[in-house]
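Please find one structure pasted underneath; my questions will follow.
Just so it is clear, none of the values below were taken in a lab; they were calculated from the coordinates. Quick caveat, the model's predicted, so the values are computed rather than measured. Cβ coordinates were reconstructed from backbone atoms using ideal geometry, including for glycine residues, and neighbour counts include every protein chain displayed.
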Amino acid sequence: MTLAIELGAAALALLCALALLWSRWPAWLKAVLLLLVTVFYFFAHDEVNAIAGWPSPDRLPERFQLLAAVIEEPTAKTPGALYLWVNAVENGRPTAQPRAYRLPYTKDLHALLNDALKKIREGVSQLGSVAPQRGRPGGLSWLRPGGDEQVVKLRDMPKPQLPEK
């Protein structure tokens, strides 16, 4: 599917090049065409990455079930990252389709994820929640970088209650 989208974008770029080079359109119309195709390229690039299963840099869902995690520790060349595979929890039930998320590396979250992964291997599902990180008290918190970071909490998922017979 992504190949079809990429070939479609290439065909559109070819048609645009032909229109720019051999048409008798006014210069302002050619400039608008060039601008629209350029914007479309960047939009399509982001959408193809989302389709291809790349981890989302978006915020985690408010409540989620942790399915798996991959921890990439920081090195001299890379800052490190935490990759989570989660199902959002809506109305008390996990959604049907999981999603991958990429979080910046922190030692605290690394330790939390290690404990959660051990429990998942033992068969204990993990329920996660996200809250915005509280900054230092005082105004102008929007000026501090990293003020929109999220605090991830994980706990054992409650056992389902079966109806009485």
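With axes computed from alpha carbons, what is the tilt in degrees of helix 27-51 against the longest principal axis of the chain, rounded to the nearest 10 within 0 to 90?
Helix 27-51 sits roughly 30 degrees off the main axis of the chain.
Viscosity 1.567 mPa s, temperature 4 °C: give me the Stokes-Einstein translational D for the chain in µm²/s, with Rh taken as the Kirkwood radius over C-alpha pairs.
Taking Rh from Cα pairs, D becomes 65 µm²/s.
Can you compute log10 of I(q)/I(0) for segment 50-129 with the Debye formula, treating each Cα as one identical point scatterer, at q = 0.13, 0.19 Å⁻¹?
These q points yield log10 I(q)/I(0) values of -0.41, -0.84.
Return the distance in nm (one decimal) between the two label points of a simple spin-label model at Ser23 and Thr38, each offset 7 Å from Cα along Cα→Cβ.
Taking the two extended label points, one gets 1.7 nm.
For the chain, set up a Gaussian network in which alpha carbons nearer than 10 Å are linked by springs, and say which option among Trp25, Trp54, Trp85 fluctuates the most.
Maximum fluctuation in the GNM of the chain, among the listed residues, is at Trp25.
Given the chain, what count of lysine pairs have C-alpha atoms under 26 Å apart, with each pair 8 or more places apart or on different chains?
8
Moving on. GNM, the chain, Cα, under 10 Å: largest mean-square fluctuation among Ala27, Ala11, Ala69?
Of the options given, Ala27 has the highest mean-square fluctuation.
Moving on to the next point. Please give, to one decimal in nm, the separation of the simple spin-label points placed at His45 and Ala96, each 7 Å out from Cα toward the Cβ.
For the pair His45/Ala96, the computed spacing is 3.4 nm.
Counting other Cβ atoms within 10 Å, which trypsin sites (Lys or Arg not before Pro) in segment 73-105 have at most 10 and lie in a DSSP loop?
Filter output for segment 73-105: Lys77.
A further question follows. Could you tell me which of rounded, prolate or oblate describes segment 1-45, using a ≥ b ≥ c as the square roots of the eigenvalues of the alpha-carbon gyration tensor, with rounded for a/c under 1.5 and, failing that, prolate when a/b is larger than b/c and oblate otherwise?
In terms of gyration-tensor shape, oblate.
Using Cα-Cα distances under 8 Å and only pairs 6 or more residues apart, what relative contact order does the chain have, in percent?
Answer for the chain is 17 percent.
Among all stretches of the chain without exposed GluC sites (Glu not before Pro) (DSSP loop, at most 12 other Cβ atoms within 10 Å), which one is longest?
1-121
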